[in-house]
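One structure is given here, and the rest of the page talks about it.
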Amino acid sequence: MNWRDAAACRSEDPELFFPIGEDGLSRQQIEQARAVCHRCPVLTDCGSWALRNGERDGVWGAMTADERRRRLGRLSGSNP
Ligand code: SF4
(Lines give C-alpha, C1' and ligand atoms only; values in the text may rest on other atoms or scores of the structure.)
Protein backbone atom coordinates (compact mmCIF):
# COMPACT_ATOMS: atom_id res chain seq x y z
CA MET A 1 0.00 0.00 0.00
CA ASN A 2 1.21 3.47 -0.87
CA TRP A 3 1.32 5.95 2.03
CA ARG A 4 -0.91 8.26 0.01
CA ASP A 5 -3.75 5.76 0.33
CA ALA A 6 -3.95 6.52 4.07
CA ALA A 7 -3.63 10.30 3.73
CA ALA A 8 -6.07 12.27 5.87
CA CYS A 9 -6.21 14.95 3.16
CA ARG A 10 -7.84 12.58 0.68
CA SER A 11 -11.21 13.72 2.00
CA GLU A 12 -10.29 17.41 2.10
CA ASP A 13 -10.38 20.14 -0.51
CA PRO A 14 -6.90 20.06 -2.13
CA GLU A 15 -6.95 23.86 -2.33
CA LEU A 16 -6.61 23.96 1.46
CA PHE A 17 -3.06 22.66 1.15
CA PHE A 18 -1.96 25.20 -1.44
CA PRO A 19 -2.23 28.68 0.10
CA ILE A 20 -1.19 31.56 -2.12
CA GLY A 21 1.35 32.77 0.44
CA GLU A 22 2.52 32.19 3.98
CA ASP A 23 1.49 35.53 5.57
CA GLY A 24 -1.71 37.32 6.44
CA LEU A 25 -4.88 35.49 5.51
CA SER A 26 -2.86 32.50 4.28
CA ARG A 27 -1.74 31.83 7.87
CA GLN A 28 -5.24 30.74 8.82
CA GLN A 29 -5.45 28.44 5.80
CA ILE A 30 -2.05 26.96 6.65
CA GLU A 31 -3.12 26.28 10.24
CA GLN A 32 -6.26 24.53 8.98
CA ALA A 33 -4.16 22.37 6.67
CA ARG A 34 -1.72 21.65 9.49
CA ALA A 35 -4.59 20.52 11.73
CA VAL A 36 -5.46 17.88 9.12
CA CYS A 37 -1.81 16.84 8.88
CA HIS A 38 -1.53 16.45 12.65
CA ARG A 39 -4.27 13.82 12.64
CA CYS A 40 -2.84 12.08 9.57
CA PRO A 41 -1.38 8.58 10.03
CA VAL A 42 1.23 9.14 7.31
CA LEU A 43 2.51 12.57 8.38
CA THR A 44 6.11 11.37 8.63
CA ASP A 45 6.05 9.57 5.26
CA CYS A 46 4.51 12.61 3.62
CA GLY A 47 6.97 15.10 5.12
CA SER A 48 9.94 12.89 4.21
CA TRP A 49 8.69 12.47 0.67
CA ALA A 50 8.25 16.23 0.24
CA LEU A 51 11.76 16.90 1.57
CA ARG A 52 13.36 14.17 -0.56
CA ASN A 53 11.61 15.33 -3.70
CA GLY A 54 12.09 19.05 -3.18
CA GLU A 55 8.37 19.72 -3.33
CA ARG A 56 8.25 23.48 -3.81
CA ASP A 57 4.61 24.31 -3.15
CA GLY A 58 1.97 23.60 -0.60
CA VAL A 59 1.69 22.11 2.86
CA TRP A 60 3.11 18.59 3.12
CA GLY A 61 3.67 16.74 6.37
CA ALA A 62 2.45 19.84 8.23
CA MET A 63 5.32 21.87 6.75
CA THR A 64 5.02 24.87 4.48
CA ALA A 65 7.37 25.35 1.54
CA ASP A 66 9.42 27.90 3.51
CA GLU A 67 9.71 25.52 6.45
CA ARG A 68 10.90 22.73 4.16
CA ARG A 69 13.48 25.02 2.58
CA ARG A 70 14.78 26.03 6.02
CA ARG A 71 14.92 22.42 7.15
CA LEU A 72 16.79 21.35 4.04
CA GLY A 73 19.17 24.27 4.52
CA ARG A 74 19.90 23.15 8.08
CA LEU A 75 20.38 19.55 6.99
CA SER A 76 22.84 20.58 4.28
CA GLY A 77 24.58 23.04 6.57
CA SER A 78 24.08 25.88 4.09
CA ASN A 79 21.82 27.83 6.41
CA PRO A 80 22.95 29.27 9.74
S1 SF4 B 1 0.60 14.84 6.27
FE2 SF4 B 1 -0.90 16.35 5.54
S3 SF4 B 1 -0.43 16.69 3.38
FE4 SF4 B 1 0.59 14.81 4.04
S5 SF4 B 1 -0.75 13.14 3.48
FE6 SF4 B 1 -1.18 13.69 5.60
S7 SF4 B 1 -2.82 15.22 5.55
FE8 SF4 B 1 -1.97 15.05 3.48
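The values are calculated or read from the model by the stated rules, or taken from the named source; none is laboratory data. Predicted model only: the values in this text are computed from it and were never measured. All Cβ positions, glycine included, derive from the backbone under ideal geometry; neighbour counts span all protein chains shown.
A few points about this structure:
Listed here are the residues, each with its yes/no results for (1) in contact with a Cys (Cβ under 6 Å, 6 or more places away or on another chain); (2) among the small types (Gly, Ala, Ser); (3) surrounded by 11 or more Cβ atoms within 10 Å (Cβ to Cβ); (4) modelled with pLDDT of 95 or more.
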| site | (1), (2), (3), (4) |
| --- | --- |
| Met1 | no, no, no, no |
| Arg4 | no, no, yes, yes |
| Ser11 | no, yes, no, yes |
| Pro19 | no, no, yes, yes |
| Glu22 | no, no, yes, no |
| Ser26 | no, yes, yes, yes |
| Ile30 | no, no, yes, yes |
| Cys46 | no, no, yes, yes |
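- Looking only at segment 9-55, and only at residues there that are touching a helix residue (DSSP H, G or I) at 6+ places or on another chain (Cβ under 9 Å) and among the acidic types (Asp, Glu), the one that is farthest from Gly73 (Cα to Cα): Glu12
- All positions within segment 1-26 that are more than 9 Å from the ligand (Cβ to nearest atom) and either among the aromatic types (Phe, Trp, Tyr) or under 14 Å from Ala62 (Cβ atoms) (or both): Leu16, Phe18, Pro19, Glu22
- Applying the set (1) among the hydrophobic types (A, V, I, L, M, F, W, C); (2) in contact with a helix residue (DSSP H, G or I) (Cβ under 7 Å, 6 or more places away or on another chain); (3) on the phi < 0 side of the Ramachandran plot to Ala6 leaves exactly one unmet item: (2).
- First in segment 21-42 and farther than 17 Å from Ser11 by Cα, second anywhere and of a type outside the set (Phe, Trp, Tyr) and away from the ligand (no atom under 16 Å from the Cβ), Cβ under 8 Å, 6 or more apart: Ser26/Ile20
- Pick from segment 49-80, criterion within 10 Å of the chain's Cα centre (by Cα) and of a type in the set (Gly, Ala, Ser), ranking: nearest to Ile20 (Cα to Cα): Gly58
- Note on segment 19-64: residues that are farther than 20 Å from Trp3 by Cβ and part of a helix (DSSP H, G or I) amount to 8.
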